[in-house]
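J.: Let me give you the structure first, and then I'll get to my questions.
The values are calculated or read from the model by the stated rules, or taken from the named source; none is laboratory data. Predicted model only: the values in this text are computed from it and were never measured. All Cβ positions, even for glycine, are placed from backbone atoms using ideal geometry, and neighbour counts span all protein chains on display. The protein model used for the area step is the full one, side chains on, heavy atoms only, and it has no ligands, DNA or RNA in it. Shrake-Rupley method; radii C 1.70, N 1.55, O 1.52, S 1.80 Å.
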Amino acid sequence: PRLAGLAADAQSPRWFVLATPLAGTERDAAAFASQMTAKIEGVTWLWPNRAMGLTPDPVRDLAVPAGLAALAALTILAAGLGAFRFALPVVLASLVTVCLAAGAAALINPRLDAATWSFASAVLAPALVLNVVLVAAHVQARRKGSGISHAIMLAAHRRGGLLVAIALVFASFWMSWMLRQIPSLGNFATIALAGTAIALITALTMVPAAL
């Protein structure tokens, strides 16, 4: 409990521990952890590839899943918005938002581990919602005969308040994590809050430019 920043009398029945060994010592650290907990019942370890002696493959582990996810998102969004040219700004702006949120995570916590930096992807939820709301309003204005520039201005004017309200809903959710007063959750919440602000800014700047 002390390591998690909780009171000593905390009686949680289940604990999750994230351990990041020094680079190059993953297999030795995994063997040491297994040996130290061999006589403790109920301990389950989830080992990364390096701990099992497997060489990470960026193409297999990251590029292929990310590409398939982007293709699926484009297809679904194109079906909902009516054309690929409307879905593309949503996906591009969302990817840029994740990259910027990862940069914010690096600034907030310079000593990144896999769990910390990957948590920046939590910003995908507000990014997709904000971008879809704005693009949908643009599509609606275009179908009523408005020009591209006029449709963008109408969408931003009519949905600007809604975008801010949606961002505040996500922000209030992440702020609730800080009430637990657990340092690790507070760190994740700070990253997500910064990402939510970035998502709102990106929706109001990059999406109109991409349309």
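J.: Give me a count of the residues in the stretch 78-97 that are surrounded by fewer than 20 Cβ atoms within 10 Å (Cβ to Cβ) and under 14 Å from the mean Cα position of the chain (by Cα).
T.: Number of matching residues: 2.
J.: What are the pairs, 6+ residues apart or on separate chains, where a residue within the stretch 81-108 that is without any contact (Cβ under 8 Å) to a residue 60 or more places away in the chain has its Cβ under 8 Å from a residue that is open to solvent by 40 Å² or more (accessible area, probe 1.4 Å) and aromatic (Phe, Trp, Tyr)?
T.: As it stands, the answer is ALA102/TRP117; ALA106/TRP117, since those pairs meet every condition given.
J.: Something else now. Considering the stretch 40-65 alone, what residues qualify as being modelled with pLDDT under 80 and either within 21 Å of the chain's Cα centre (by Cα) or in a helix (DSSP H, G or I) (or both)?
T.: Within the stretch 40-65, PRO48, ARG50, ALA51, MET52, PRO58, VAL59, ARG60, ASP61, LEU62 meet the criteria.
J.: Being surrounded by fewer than 17 Cβ atoms within 10 Å (Cβ to Cβ), in a helix (DSSP H, G or I) and either β-branched (Val, Ile, Thr) or in contact (Cβ under 8 Å) with a residue 12 or more places away in the chain (or both) is true for just one of THR75, THR116. Which residue is that? It would help to see each step written out before you state the result.
T.: Details: THR116 fails: surrounded by fewer than 17 Cβ atoms within 10 Å (Cβ to Cβ).
The match here is THR75.
J.: Out of LEU179, LEU124, report the one residue that is among the hydrophobic types (A, V, I, L, M, F, W, C), touching a Ser or Thr at 6+ places or on another chain (Cβ under 7 Å) and under 30 Å from ASN109 (Cβ atoms).
T.: Numbers: LEU179 fails: touching a Ser or Thr at 6+ places or on another chain (Cβ under 7 Å).
Testing whether each residue is among the hydrophobic types (A, V, I, L, M, F, W, C), touching a Ser or Thr at 6+ places or on another chain (Cβ under 7 Å) and under 30 Å from ASN109 (Cβ atoms) leaves just LEU124.
J.: OK, next. Go through the residues of the stretch 125-133 one by one and say whether even a single one is more than 18 Å from the chain's Cα centre (by Cα) and modelled with pLDDT of 90 or more.
T.: Our first condition is that a residue be more than 18 Å from the chain's Cα centre (by Cα); within the stretch 125-133, this holds for 133.
Then drop every residue that is not modelled with pLDDT of 90 or more, which leaves 133.
There is at least one residue in the stretch 125-133 that is more than 18 Å from the chain's Cα centre (by Cα) and modelled with pLDDT of 90 or more.
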